[in-house]
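Following: one structure in structure tokens, then a few remarks.
The values are calculated or read from the model by the stated rules, or taken from the named source; none is laboratory data. In this text, all values refer to a predicted model and were calculated from it rather than measured experimentally. Cβ placement follows ideal geometry from the backbone for every residue including glycine, while neighbour counts extend to all protein chains displayed.
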Amino acid sequence: MSMPLGKLVVVTGTLASGSCALVYYLIQKTFSRASYYQLALEQLRSHPEAQEALGSPLVVHYLHLTDKYNFVDIADAKLKIPVSGPKSEGILYISSARDGPFRRWHLQEVFLELKDGQQIPVFKLSGGNDEIKKV
């Protein structure tokens, strides 16, 4: 059974677009389930100054996958997560590392940069003895 060329182009385009959207969604889900991502959001949600600046409820937006700052490899992860609330919006910067493959991720630094340029330090791993400093 043959299909007119115009109809074939429309069907193929629709399937390709749907496939791209599905891949984009799956990549976003993979990032949002990663421990470095979840740990950083826990720090943000428990930080009073950041919560006061953004307001409640906190909305976490999709990552900009084409942003060159967003980087994850076997030992390091750096992300910029767009966040917003009723009072303001900003970017949550995350830096995380692990000692080797298949080891646990450890946050190095998390800070919130609001749209007005104000930076709120949320978490920083301090000192050579791996002390955690909740800021």
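Here are the numbers:
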{"quantity": "Residue ID - surrounded by the fewest Cβ atoms within 10 Å (Cβ to Cβ), chosen from residues in segment 102-122 that are outside any strand (DSSP E or B) and either of a type in the set (A, V, I, L, M, F, W, C) or outside the structural domain of Val60 (by TED's automatic domain parsing) (or both)", "calculated": "Phe102"}
{"quantity": "Residue match in segment 24-47 (condition: surrounded by 13 or more Cβ atoms within 10 Å (Cβ to Cβ), modelled with pLDDT of 95 or more and β-branched (Val, Ile, Thr))", "calculated": "no"}
{"quantity": "Residue count, segment 1-32 (criterion: under 20 Å from Gln108 (Cβ atoms) and not polar (S, T, N, Q))", "calculated": "1"}
{"quantity": "Cβ-Cβ under 6 Å pairs, at least 6 apart or on other chains, segment 76-95 side not assigned by TED's automatic domain parsing to the domain that holds Gln28, far side surrounded by fewer than 16 Cβ atoms within 10 Å (Cβ to Cβ) and β-branched (Val, Ile, Thr)", "calculated": "Val83/Val60; Ser84/Val59"}
{"quantity": "First in segment 52-70 and within 27 Å of Ala97 (Cβ to Cβ) and surrounded by 14 or more Cβ atoms within 10 Å (Cβ to Cβ), second anywhere and modelled with pLDDT under 90 and among the β-branched types (Val, Ile, Thr), Cβ under 9 Å, 6 or more apart", "calculated": "Leu63/Ile27"}
{"quantity": "Which listed residue, of Ala21, Ala50, is part of a helix (DSSP H, G or I) and either basic (Lys, Arg) or farther than 20 Å from Phe123 by Cβ (or both)", "calculated": "Ala21"}
{"quantity": "Leu44 vs. criteria assigned to a helix (DSSP H, G or I) and either among the acidic types (Asp, Glu) or not assigned by TED's automatic domain parsing to the domain that holds Glu109 (or both)", "calculated": "no"}
{"quantity": "Tally, over segment 71-101, of residues that are over 21 Å from Gln118 (Cα atoms) and either in contact with a Ser or Thr (Cβ under 8 Å, 6 or more places away or on another chain) or surrounded by 13 or more Cβ atoms within 10 Å (Cβ to Cβ) (or both)", "calculated": "7"}
